[in-house]
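A quick write-up on the structure given underneath.
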Amino acid sequence: MASTTHDSDKLRLGVNIDHVATIRNARGGRHPDPVRAALAAEEAGADGITAHLREDRRHITDDDMARIRAAISVPLNFEMAATDEMRRIALGVKPNACCLVPERRQEVTTEGGLAVAHEQRALAGFITDLRDAGIRISLFIDPEPREIEASASLGADIVELHTGPYCHAAVAGDPERVAHELRRLVDAARFAHEAGIEVHAGHGLGFETVGPVAAISQMRELNIGHFLIGEAVFVGLPAAIRSMREAMDTARHATKTAPLARTETAA
Ligand code: PXP
């Protein structure tokens, strides 16, 4: 989720509530309602709400997005593909930020970052109306220098770094790949920050993986969904969010008190 302020060093937590809608849609009724989840997340300390209106509407629907916008007080981050249909809907919803993601119909979830360097010209035209409407532009990218350079030349407000490969390496128990993927995130965060872009990250994060990403000093926001909704089955959504907040704050605090913390030195 993207906030409207730049004034603090606090690491914000954006809660993605898509999979509450996935569960609802499994039966086609109204329960559980993602709006209720968004309000519960806000109450539990989420700094923003993220929802992805996919082209196939497999979870969040147009009506959900409008109701979430109307209900919440924290910023709304509208994740979407760069299509004319989504732009028209976003201009109607007026979220605080639009996070542009690549979308393939057959994918289980967003699989890679946006090819900003490759599609720079098309994206330049695409984002003008959104920006003119006062919506911040966030680009979900792989942690690659050329994607950051391209995002900077487009004037993106935010890059959201894809943490999927890092999380996959962690789940696979491959320490060398973990260190490599973490290094890419650390370097990309520094590079984007130096280019004047606000740095966010997300995808696949859970209690086991969030610490090193939260400890990256340039990081301003993490967007987390699937793990929190899954954890909510066991402990409830507010408790899951509070534990995530605590894990983020602990990692953040550890970097401040130990400047040579793991993420800054990982090879
Ligand atoms: N950020 C982006 C751009 C995403 O596409 C997603 C998944 O919808 C997330 C963050 C959240 O990922 P997860 O649900 O794995 O926490």
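The values are calculated or read from the model by the stated rules, or taken from the named source; none is laboratory data. Owing to the predicted nature of the structure, the values given are computational and were not obtained by experimental measurement. Here Cβ is always computed from backbone atoms with ideal geometry, including for glycine, and neighbour counts include all displayed protein chains. Only protein heavy atoms, including side chains, enter the accessible area calculation; ligands, DNA and RNA are left aside. Shrake-Rupley method; radii C 1.70, N 1.55, O 1.52, S 1.80 Å.
Every residue in segment 237-267 that is open to solvent by less than 70 Å² (accessible area, probe 1.4 Å), modelled with pLDDT under 95 and either outside any loop (DSSP other than H, G, I, E, B) or on the phi > 0 side of the Ramachandran plot (or both), please. If the condition is that a residue be open to solvent by less than 70 Å² (accessible area, probe 1.4 Å), modelled with pLDDT under 95 and either outside any loop (DSSP other than H, G, I, E, B) or on the phi > 0 side of the Ramachandran plot (or both), then R252, A254, T255, T263, E264 are the ones that fit. Being without any contact (Cβ under 8 Å) to a residue 60 or more places away in the chain and in contact with a Pro (Cβ under 6 Å, 6 or more places away or on another chain) is the filter here; which residues of segment 40-67 pass it? Within segment 40-67, just D64 meets the criteria.
Confirm whether T4 is modelled with pLDDT under 95 and open to solvent by 40 Å² or more (accessible area, probe 1.4 Å).
Judged against the criteria, T4 is a match.
Checked against (1) more than 16 Å from the ligand (Cβ to nearest atom); (2) within 26 Å of L139 (Cβ to Cβ); (3) open to solvent by less than 40 Å² (accessible area, probe 1.4 Å), A40 meets all criteria but (2). Restricting the first member to segment 140-161 and to residues that are more than 13 Å from E198 (Cβ to Cβ), and the second to residues that are part of a helix (DSSP H, G or I) and away from the ligand (no atom under 16 Å from the Cβ), the beta-carbon pairs closer than 6 Å and six or more apart or on different chains are P143/R184; P145/F191; A150/Q120; L154/A124.
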